[in-house]
Amino acid sequence: VLALLGAGTTAAQLTPAAAATPALQSIVPVPVSVTPAAGVAFPLVSTTKIVTEAGSAPARQVGDYLAGVLRPSTGYALPVSDAPASVPSDSIALLLSGAPASVGAQGYQLVSTASSVTIRAATADGLFAGAQTLRQLLPGSVESPAAQPGPWSIPGATILDYPRFAYRGAMLDVARHFHPVATVKRYLDQLAQYKINALHLHLADDQGWRIQIDSWPRLATYGGSTQVGGGPGGYYTKAQYTDIVNYAASRHITVIPEIDMPGHVNAALASYAELNCNGVAPALRTDTAVGYSSLCISKDITYTFVADVLRELAALTPGPYLHIGGDEAAATSQADYLTFIGKVLPLVAATGKSAVGWHDIAKATLPSSATPQFWGTSTSDAGVSAAASRGSKVILSPANKAYLDMKYNSSTPIGLSWAGYIEVQDAYGWNPGTYLSGVPESAVRGVESPLWTETVVTPADIEYLAFPRVAAHAELGWSPWSTHDWTAFRTRLGAQAPRWTAQSINFYRSAQVPWD
Ligand code: TNX
């Protein structure tokens, strides 16, 4: 046991020393290393204050966010102020100095003693990640929106933590069913807890166009006017999209907007007759068929349209990526598809952004700046491995592991099953670093959990399919592979139940998990 407690000790290995402090063993994603300080605890009390790196607005924002999380349940004031030269007693300190170099750009060190909790990181991203860990060191009732009795105690420990992969994403399809701003914000809050740092928004598909584009206004006003099953649909104004982007940024999450093309474009074709090869606008569609629509590859106006949309979207999007879709273009010939991708990649580059696309785009010879997002159900793809060998990074979303819209089992009331059923153990049971042949860990940017919404209407629907599986994917994206252990994971996951209950998350109580 002593040998296990050296460098690289993981929470999964911390028995029996940590037996008295189960919170240290319940963190999801499991940290790189957790060293308990036996018998030590920090009492969070009415006089506790939060101090943040002096003069740093980003550190102060993390402090304000953490105070906002902790105030409703504790009922404490938790004032936030600039940190003095040395960490005062009775304080939580968020500092941008003194972190070990190993934490990198996104990691942190958390040291809790009887008198203080000090999180050190190189960046505000790292402080934010450390703040998420701190939340999980408190009882689940800390997540309640109403005052709770406490007491609030943080176990003594030194935690060193940083991600395995830089990118940990979730995708929400707001095209098949429109999801309003408040729903997206709620999901962002839920995702941030598990150190997810990218939200991919699927903004346009056959059934709806969900973002205002000033140069092509009917895309939103007409193309956004319905959704799967009929219903009013909807779209984000530019101000609403910016509100989402800013809210995500305050949760240290980057928004990646997707306009799917050259297929999945019926809503656009219905809005503008001139985008159709025959000049005739089709009707709006509310069914769930795929592979029937295509932009007109031979028309110049197609590329004017694409350039206009990408330019306006890029101007609204501070993150480095634009997602161009590219999947299931069954109504586009192979030659036309390659022509289209070859013309559109430079249009993305002209906006100053880098292109991401579903891995179908790797049928074309991609520049190393382009990212294929693998969504297949096999473990090899010639285009993706060729792109990786030429220097592209890959995002992994294998449909039979990472798709949040797949049912858990045959009795799951919503969801699809074309890629199979995905129980929690299936969602957890794969190694992103070795999953795709010809795509070594060094070529993987990270993991993303897509949630397609053909059957997903309400926030409760989103939560039922995302939780607990998105937490499993978050751990695959963050934690070292050496920690991977289903038996330990299911226990950590079960310990999240009181948090999710306090947050009114409608999670699926999988029989595979020992829920607290
Ligand atoms: C396939 S995965 C699609 C989507 C569907 C999804 C349903 C991918 C890139 N395309 O159009 O919504 O299956 O699971």
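The values are calculated or read from the model by the stated rules, or taken from the named source; none is laboratory data. On a predicted model such as this, the values are computed, not experimentally measured, just so you know. Backbone-built Cβ (ideal geometry, glycine too); neighbour counts: all protein chains shown.
Listed values, structure above:
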| quantity | calculated |
| --- | --- |
| Meets criteria (within 16 Å of the ligand (Cβ to nearest atom) and at pLDDT 95 or above) for Ala427 | yes |
| Residue that is within 27 Å of Pro372 (Cα to Cα) and either assigned to a helix (DSSP H, G or I) or hydroxyl-bearing (Ser, Thr, Tyr) (or both), where the choices are Glu475, Glu448 | Glu475 |
| Residue selected from the range 435-458 under the condition in contact with a helix residue (DSSP H, G or I) (Cβ under 9 Å, 6 or more places away or on another chain) and closer than 15 Å to Ala175 by Cα, by the criterion farthest from the ligand (Cβ to nearest atom) | Thr458 |
| Conditions (1) closer than 19 Å to Pro43 by Cα; (2) surrounded by fewer than 21 Cβ atoms within 10 Å (Cβ to Cβ); number of the one not met by Ser112 | (2) |
| Whichever residue in the range 361-378 is under 19 Å from Ser449 (Cβ atoms) and either surrounded by 15 or more Cβ atoms within 10 Å (Cβ to Cβ) or modelled with pLDDT under 95 (or both) and, among such residues, is nearest to the ligand (Cβ to nearest atom) | Trp375 |
